[in-house]
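See below for the structure under consideration.
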Amino acid sequence: MTTTTPIRVAIVGGGIGGLTLLLGLLEHTSPIYIQPHLYETAPAFGEIGAGIAFGSNSIRAMELLKPAIATAYKKHATFHSDDSARERKVWSTYSMGMDGKGSNTLKAGDHIHEVRGSVERSSVHRARFLEAMTDLLPDGYVSFGKKLIDLIENSETNTITLVFEDGTTMEADAVIGCDGIKSRIRQILLGDQNADAAFTGKYAYRGLIPMGEATAAVGEWAANNAQFYWGYDGHVLTFPIEHGKTMNVVAFRTKDDGKWDHGSQWVLPGDKTNMLREFEDWGDDVKAILGMMTKTDIWALCDHPPADTYYKKGNICLLGDAAHATTPHQGSGAGMAIEDAFVLSHLLSHIRNKSQLESVFAAYDTVRRPRTQKLVTTSREAGELYEFQKPGVGDDVDALRANLDGRMRWVWDIDLVQHLKEAELLFREYNGQSDSKI
Ligand SMILES: Cc1cc2nc3c(=O)[nH]c(=O)nc-3n(C[C@H](O)[C@H](O)[C@H](O)COP(=O)(O)OP(=O)(O)OC[C@H]3O[C@@H](n4cnc5c(N)ncnc54)[C@H](O)[C@@H]3O)c2cc1C
């Protein structure tokens, strides 16, 4: 039976995942059938001052989700400054960040490899990208200062009540948890099983350096083109953002005992002297980069154990980091959130009553869970690779090169249109519509 009562979809969390989902729903669904609203705990949209890179899959997902998102991204994106690197579609250049040991006779600064993508590499300042997306939002679809603390399922009405910390409540037909790595909705959905993210044994320092200083320290080419500096139990990544005005830096270390002693406090104030001491055996370029960092906060890198499901009945579903938080070593967590939003918003465009929600969530779960959970696993492996820790590879340069090639291809080269078709077929099957067109 069809109904013209719109299905109320509550999106909880306004990061890249929640925002792209809202924009996708406004683009692809009709207000007659779907009424989305986003609830964000913060008083306004906001992102940290740091860079983020997007591969071809992420940019394609933006284009398919809403072409204006891709246009806004490209407006703010920064590409390699070097024409030849752009032509070769270089993703990153990899070199030794410190002298090799034993049979690895390379010296700090020696070139190891270069990985190429199917489109030229680009990166963006997170806050600029988020602002550009919020500019695309019409008024009236977002409530700020709404920290979700609980969900109450009402079996009689087949609705769900969102309970916020400020004492208010709101009723919806479905809730999509886009509330990030510490997701409350993930806890509610999964219970104690596999809900909480775990420390991966690595932490990072993140910083932005004015390009003039960066160029003076490491040279124009290295500062303006994405670089990895690899070493034993650590690595450093740099890439340009803000149209070449700023160099983004992330410096990673493996913690000796593999433990995080600060509970759920995952960002700690750091100390520059300690940070420099941790890299004192490294080469001149790395030391020069770290010497320019002004912020020395320490970010614990955590990821999620694989969830058995991303949804519960037709009521609750997870998207982005709430579903599959990953380490950043393949630079693809946010891209996967955008892909999630692309698939889910299109699937939701096919439904006409809320009894079909469960088929949408089941189809989304079937296609998205394997791909996104694979990233969590391979990203951890990449972190080991970059720090000469991967069993069977270590610091063997030939093995490192062989392992790097192809590591990103499955992420970048997905045919997203086909991926959605698979989800749509499953939706039809689960919805008992296998002979009908959607
Ligand atoms: C060092 C580092 C580098 C990275 N680099 C890249 C990269 O280059 N490329 C890439 O694709 N990915 C990268 N990532 C991953 C990327 O940052 C995340 O995957 C992405 O930001 C997740 O977006 P999200 O919207 O799912 O979650 P979040 O960005 O965490 O957003 C969650 C939102 O929910 C809100 N919220 C939380 N709890 C509640 C609640 N109870 N009620 C209401 N609102 C709530 C929060 O305020 C927030 O706005 C990197 C990650 C790190 C740590």
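Summary table below
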| quantity | calculated |
| --- | --- |
| Apportionment of accessible area to carbon and sulfur, segment 240-395, percent (1.4 Å) | 48 percent |
| Long-range HN-HN contacts of Ser122 with modeled amide H, under 5 Å | Phe54 |
| Residue-level accessible surface for Phe388, protein heavy atoms, 1.4 Å, Å² | 20 Å² |
| Karplus-derived HN-Hα couplings along segment 179-193 (A = 6.51, B = -1.76, C = 1.60, θ = phi - 60°), whole Hz, x at Gly and Pro | 9, x, 4, 9, 3, 5, 5, 4, 4, 5, 5, 8, x, 7, 6 |
| Ranked order, Arg121, Arg126 - accessible area, probe 1.4 Å, largest first | Arg126, Arg121 |
| Per-residue SASA entry for Lys147, accessible area with 1.4 Å probe, Å² rounded to 10 | 90 Å² |
| Solvent-accessible surface (1.4 angstrom probe) belonging to Ser143, in square angstrom, nearest 10 | 30 Å² |
| 16 Å Cα-Cα reach of Lys107 towards lysines, excluding residues that sit fewer than 8 places from it in its own chain | Lys287 |
| Under the Karplus curve 6.51 cos²θ - 1.76 cosθ + 1.60, θ = phi - 60°, whole-Hz ³J(HN,Hα) for segment 79-90, x wherever Gly or Pro sits | 10, 3, 7, 7, 4, 5, 5, 5, 4, 7, 6, 5 |
| Ranking by accessible area, most exposed first, for Met292, Met96 with a 1.4 Å probe | Met292, Met96 |
| Residue-count net charge about Lys101 - beta-carbon cut-off 11 Å; Lys, Arg +1, Asp, Glu -1 | -3 |
| FRET E, pair Leu276, Lys147, Förster distance 41 Å, beta-carbon r, rounded to 0.05 | 0.60 |
| Cut-off under 5 Å, modelled amide H: who pairs with Gly231 long-range | Gly97 |
| For the chain, accessible area per residue (1.4 Å probe, heavy atoms of protein chains only), Å² | 41 Å² |
| Theoretical ellipticity at 222 nm over the chain - DSSP helices of four or more residues, -39500 (n - 2.57) apiece, nearest 500 | -10500 deg cm²/dmol |
| Of Lys255/Lys390; Lys89/Lys421; Lys101/Lys272; Lys89/Lys245, pairs whose Cα-Cα distance is over 18 Å | Lys89/Lys421; Lys101/Lys272; Lys89/Lys245 |
| 3J(HN,Hα) from dihedral phi, segment 36-41, Karplus parametrisation 6.51/-1.76/1.60, rounded to Hz, x for glycine, proline | x, 8, 10, 10, 10, 5 |
| Sequence-distant aspartates and glutamates (8 or more away, or on other chains) whose Cα lies within less than 12 Å of Lys312 | Glu153, Glu358, Asp365 |
| Exposure rank, largest accessible area first [Tyr33, Tyr430; 1.4 Å] | Tyr430, Tyr33 |
| FRET E, pair Ala399, Asn158, Förster distance 56 Å, beta-carbon r, rounded to 0.05 | 0.50 |
| Cross-link partners of Lys182 among aspartates and glutamates (Cα-Cα below 15 Å; sequence separation of 8 or more within a chain) | Glu40, Asp150, Asp192, Asp196, Asp303, Asp321 |
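The values are calculated or read from the model by the stated rules, or taken from the named source; none is laboratory data. On a predicted model such as this, the values are computed, not experimentally measured, just so you know. Heads up, the Cβs are rebuilt from the backbone with ideal geometry, glycines too, and the neighbour counts pull from every protein chain shown. Keep in mind that these areas ignore ligands, DNA and RNA; they rest on the heavy atoms of the full protein, side chains included. Shrake-Rupley method; radii C 1.70, N 1.55, O 1.52, S 1.80 Å.
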